Amino acid sequence: METLQEQEKVISIPRIGDKAPEFLAVTTQGPVNFPADYNGKWVILFSHPADFTPVCTSEFITFASLENKFAKANCQLIGLSIDGIYSHIAWLRTIKDKIKFKGMKNIEVKFPLIEDISMEIAKKYGMIQPGESKTQAVRAVFFIDPKGIVRALIYYPLSLGRNFDELYRALIAMQTSDKFGVATPADWNPGDDVIISPAGSCGVAEERMTSKNGITCEDWFFCTKKLEKDAILKEIIQN
Ligand code: BEZ
């Protein structure tokens, strides 16, 4: 019988703004000391329920085909499931040798895939959600910034494959906010107008409404400005 403390450990989830929990792991690309090994990089740490399952396979093919795109945005991908290293190796070999998905084939997964048979890491990251499964990780996605801080998290149930355009959009949006000191509105993509910080005083509110300065205000609290896609790409994307 699990103690209450043990049960709470299972469901504790790192929050936005928290330091990413540390761990040492065995992976398909060798040992990893997390997050220290990735200092200076963004990381997407994600879990999947199990090797040799179809939704996960479609996700791995998609993620691996986008690995370079994420790398150009200074972002390392790292996967995890409650499987052992030999299962991981066999599955990744099968994906490369046999599986085709949406025209993608011969896809080699080069990013690390963590073995977590003990569930120790999955529990630290709240990836085991007992209502969904006590033995398989849900599809969790943690965005961790270059200082090792959790910046965003998204959770999906076992049956739902992730949208990788959205993961990339979220990464670029957060990097844009950091570099340009702006926020990004609903469904934002590079090239769309960005939101400038709300007026913090009556004087600034008045100024926003009266002077233009390249700013467009719907009202004093809702002001946007242009931010060219090229300016973002120049700052964020490495060629
Ligand atoms: C899948 O990846 O296909 C899957 C894994 C666990 C439960 C349901 C689907």
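Bear in mind these aren't lab numbers, they're just calculated from the coordinates by the rules spelled out. Nothing here was measured: the structure is a model prediction, and the numbers come from that model. Note that each Cβ is placed from the backbone with ideal geometry, even for glycine, and that neighbours are counted across all protein chains shown.
The table that follows gives values for the structure above.
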quantity: Reach of K110 by Cα under 24 Å, taken over lysines that are not fewer than 8 positions away in the same chain; calculated: K41, K69, K72, K96, K98, K100, K102, K147
quantity: Percentage relative contact order, region 181-236, counting C-alpha pairs under 8 Å, at least six apart; calculated: 37
quantity: Gap separating the Cα centres of region 175-213 and region 23-89, nearest whole Å; calculated: 35
quantity: Exposed-site-free run, longest, the chain (rule: GluC sites (Glu not before Pro); DSSP loop; at most 16 other C-beta within 10 Å); calculated: 133-227
quantity: Which of V204, V55, V109 has the fewest Cβ neighbours within 10 Å, and the rest in rising order; calculated: V204, V55, V109
quantity: Sequence of D219, D178 once ranked by neighbouring C-beta atoms within 10 Å, starting from the fewest; calculated: D219, D178
quantity: Pairwise centroid distance, computed over Cα atoms, of region 151-170 with region 108-125, Å; calculated: 17
quantity: Region 104-239: relative contact order in percent, alpha carbon pairs under 8 Å with at least 6 residues between; calculated: 14
quantity: Radius, Kirkwood style, for the chain when every pair of distinct Cα atoms is counted (Å); calculated: 19.6
quantity: Cα gyration tensor category, rounded, prolate or oblate, for region 93-165 with a/c compared to 1.5; calculated: prolate
quantity: Test item: Cα-centred dipole of region 35-116, Lys/Arg +1 and Asp/Glu -1 on Cβ, debye; calculated: 500
quantity: For the chain, calculated [θ]222 nm from helices alone, where every DSSP H run of n ≥ 4 adds -39500 (n - 2.57); calculated: -9500 deg cm²/dmol
quantity: Sequence-separation-based contact order of region 4-162, relative, with Cα cut under 8 Å and 6+ spacing, percent; calculated: 35
